[in-house]
Amino acid sequence: MSGTFVGMPAFPKAAQEAVGNTTLRANLRHATHTIRDKRAKAVAELDDWALLREAGKQIKDHTLRHLDTYLVQLEESVTAAGGVVHWATDADEANHIVTRLVKETGELEVVKVKSMATQEIGLNEALEEAGIAAYETDLAELIVQLGHDRPSHILVPAIHRNRGEIRDIFAKEMGEWGRPAPEGLTDTPAELAEAARLHLREKFLRAKVGISGANFMVAETGTLVVVESEGNGRMCLTLPETLISVVGIEKIVPTWRDLEVFLQTLPRSSTAERMNPYTSMWTGTTDTETADGPRAFHLVLIDNGRTDTLADEVGRQALRCIRCSACLNVCPVYERAGGHAYGSVYPGPIGAILSPQLRGTASEIDASLPYASSLCGACYEVCPVAIDIPEVLVHLRERIVQGGPATRQGNRVVLKPAKGHAAERAAMRAAGWAFVHPGALRAGQRVASRTRRFHPRTLPGPGRAWSATRDLPQVPAEPFRDWWQRTHGTKESGK
């Protein structure tokens, strides 16, 4: 995976700065609460939601277990339909392939459908270095691009901006990228949307090359699927003569029928809609100038750490993710810190488990991401493919603190324990010893209860980092074992 955002500190420091931004917190609170409330109503309409969720989980797990087979089938299906498949091990290779394909067309500009994969690999920056202009056409992505900003949400990349800020960005920057914003532009949604439509329309009609990602790829038919709400994706997928789709290898599903499940769960979990306004599907190329669709189609399949993630029996469930962003909208940490603090194009709970697996945990920020959670479990409850994010967070925390076996670039390695966790390791060893010695545990509990009035409000030494932002739990007046024996009159077994 490409590097973190330039200059990003570890999550705790970045989050501390974000929490102090009252405008950012107000924007996030309003947006996330609105989205999650609408989602809850949309999900409640389906009596079989739990069954759909389980079906999505089973389809994804089956596909990941047989990923090699389905990827070969996909390549055969795409090739038979007139497309060309390219394989990219990492971000650099993917960027090189796409840059070469664009240059071969002789064009110096491309229009883009919103794509997390292209953001992950830094494609826009790679194209810019090669003298190729890449224009984002999703409204939120356009706001981010015009504002020289970074995305902060999977579904709504400009969620950290309010209407006034967007108006100012349009008025100042649109003229530098193409058609300027209308005179006297206000911050009403209709006027902002119309300004974006007029700005983008000339790019749609002029562009000869389109670049997209895909929500799903169907191995059985070689069909790619993009779901969106604005229609910009439909324009990018049908008007250009050449279409280049950059997709992670985990986005595959075995059969056309499998889409039945995800086209019900994804819209409700993401935009709280019963179905997406635009669901675009394409298979290969068209051979006539009058038909919709590209005359040249290239599919770039990227690994970029996904095979390493697949090798982890606990962590691989992150690859089920269908990028709905429901976990972000219910996360109390994301709501207060925002997406930029995660130092990745994948923010929120899913980013906290996906980025450290795709990129490794060598950097300060990646080693801090598994701790960017209260472990409240709300993310698991809303996930439409039942990713147990808290389980993976704890798993990754253990890997960071204890070290141990992992897979990096296809090779099995043994990771060393991360620096700065010596006290945590010592505490865990002491706790482990106490739990297998019931007598010592019982004695410790009684001592803690009887000395409770002398306990400090904050922890000393390394523990200060924990208690500085949390209330130290008060020790009960008596241990549970003693209370149970006193109230129920049972004799302890000593085990």
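Sorted by accessible area with a 1.4 angstrom probe, largest first, how do His488, His455, His96, His86 fall?
Reading off the accessible areas and sorting them downward yields His96, His488, His455, His86.
Packing-based ranking of 339-345, 250-256, 30-36, 47-53 yields 339-345, 250-256, 30-36, 47-53, ordered from highest to lowest mean Cβ neighbour count within 10 Å. The charge dipole of the chain, taken about the Cα centre with unit charges on the Cβ atoms of Lys, Arg (+1) and Asp, Glu (-1), comes to about 2960 debye, rounded to the nearest 20. Peptides 295-301, 131-137 ordered by packing proxy, namely the average of other Cβ atoms within 10 Å per residue, highest first: 295-301, 131-137.
Just reorder Arg457, Arg320, Arg481, Arg464 by solvent-accessible area, largest first, 1.4 Å probe, all chains present.
Numbers: Arg457 210, Arg320 15, Arg481 70, Arg464 140 Å².
Largest accessible area first, the residues go Arg457, Arg464, Arg481, Arg320.
Each other residue within a Cβ distance under 11 Å of Val218 adds +1 if Lys or Arg and -1 if Asp or Glu, for a net charge of 0.
If you take the square roots of the eigenvalues of the alpha-carbon gyration tensor of the stretch 109-244 and sort them as a ≥ b ≥ c, do you get rounded (a/c under 1.5), prolate (a/b over b/c) or oblate? Note, shape of the stretch 109-244 comes out prolate. Accessible surface area normalised per residue over the stretch 1-150 is 49 Å², counting heavy atoms of protein chains with a 1.4 Å rolling probe. When you count the other C-beta atoms within 10 angstrom of each residue and take the mean per peptide, 150-157, 469-476 line up highest first as 150-157, 469-476. Note on the stretch 144-204: along the principal axes its Cα atoms extend 28, 24, 18 Å, ordered by decreasing extent.
Rounded to the nearest Hz, the phi-derived 3J(HN,Hα) couplings of the stretch 110-116 under the Karplus curve 6.51 cos²θ - 1.76 cosθ + 1.60 (θ = phi - 60°) are 9, 9, 10, 7, 3, 8, 5, where x marks glycine and proline.
Here's the picture: charge each Lys and Arg Cβ at +1 and each Asp and Glu Cβ at -1 in the stretch 334-415, and of Pro349, Thr407, Cys383 the one pushed furthest to the positive end of that dipole is Thr407. How about the stretch 167-226: which GluC sites (Glu not before Pro) there are in a DSSP loop, with at most 13 other Cβ atoms within 10 Å of their Cβ? Those that pass, being in a loop and sparsely packed, are Glu183. Each principal axis of the Cα cloud of the stretch 1-85 was taken in turn, and the coordinate range along them, longest first, works out to 54, 43, 26 Å. Relative to the dominant Cα principal axis of the chain, helix 259-270 is inclined by about 70°.
Each Lys and Arg adds +1 at its Cβ and each Asp and Glu adds -1 at its Cβ; summed about the Cα centre, the stretch 1-85 shows a dipole of about 600 debye. The magnitude of the dipole of the stretch 152-311, with charges of +1 and -1 set on the Cβ of Lys/Arg and Asp/Glu and taken from the Cα centre, is near 100 debye. If you average the C-alpha positions of the stretch 423-495 and of the stretch 292-329 separately, how far apart do those two centres end up, in angstrom? So the separation of the two Cα centres works out to 43 Å.
Using alpha carbons only, how many angstrom separate the centre of the stretch 159-188 from the centre of the stretch 249-265? Cα centroid to Cα centroid, the span is 37 Å.
Counting only cysteine Cβ atoms and a cutoff under 4.7 Å, the chain contains unmatched residues Cys236, Cys321, Cys324, Cys331, Cys376, Cys383. Annotation: amide H of Arg408 within the under-5 Å range of Val413, sequence separation 5 or more or interchain, hydrogens built in the peptide plane. The base-10 log of I(q)/I(0) for the chain, evaluated at q = 0.06, 0.10 Å⁻¹, reads -0.32, -0.82 [Debye formula, identical scatterers on Cα atoms, solvent excluded].
Taking all protein chains as they are arranged and a probe of 1.4 Å, the heavy atoms of Cys379 leave approximately 10 Å² accessible to solvent. Here is how the number arises for the chain: DSSP H runs of 4 or more residues each give -39500 (n - 2.57), the sum is divided by the residue count, and the result at 222 nm is -14500 deg cm²/dmol. Distance from the alpha carbon centroid of the stretch 342-395 to that of the stretch 82-144 works out to 27 angstrom. Accessible area of Met275 (1.4 Å probe, protein heavy atoms only, ligands and nucleic acids ignored): about 130 Å². Checking every one of the trypsin sites (Lys or Arg not before Pro) in the stretch 352-456 against DSSP loop status and a limit of 11 other Cβ atoms within 10 Å picks out Lys419.
By DSSP, the beta bridges lying fully in the chain are antiparallel in about 35 percent of cases.
For the chain, the fraction of 1.4 Å probe accessible surface lying on carbon and sulfur atoms is 53 percent.
The values are calculated or read from the model by the stated rules, or taken from the named source; none is laboratory data. Predicted model, so just to flag it, every value in this text is computed and none were measured. When we count neighbours, we look across all protein chains shown, and the Cβ atoms used for this are built from the backbone with ideal geometry, even at glycine. Heads up: the accessible areas ignore ligands, DNA and RNA and are worked out on the full protein's heavy atoms, side chains in. Shrake-Rupley method; radii C 1.70, N 1.55, O 1.52, S 1.80 Å.
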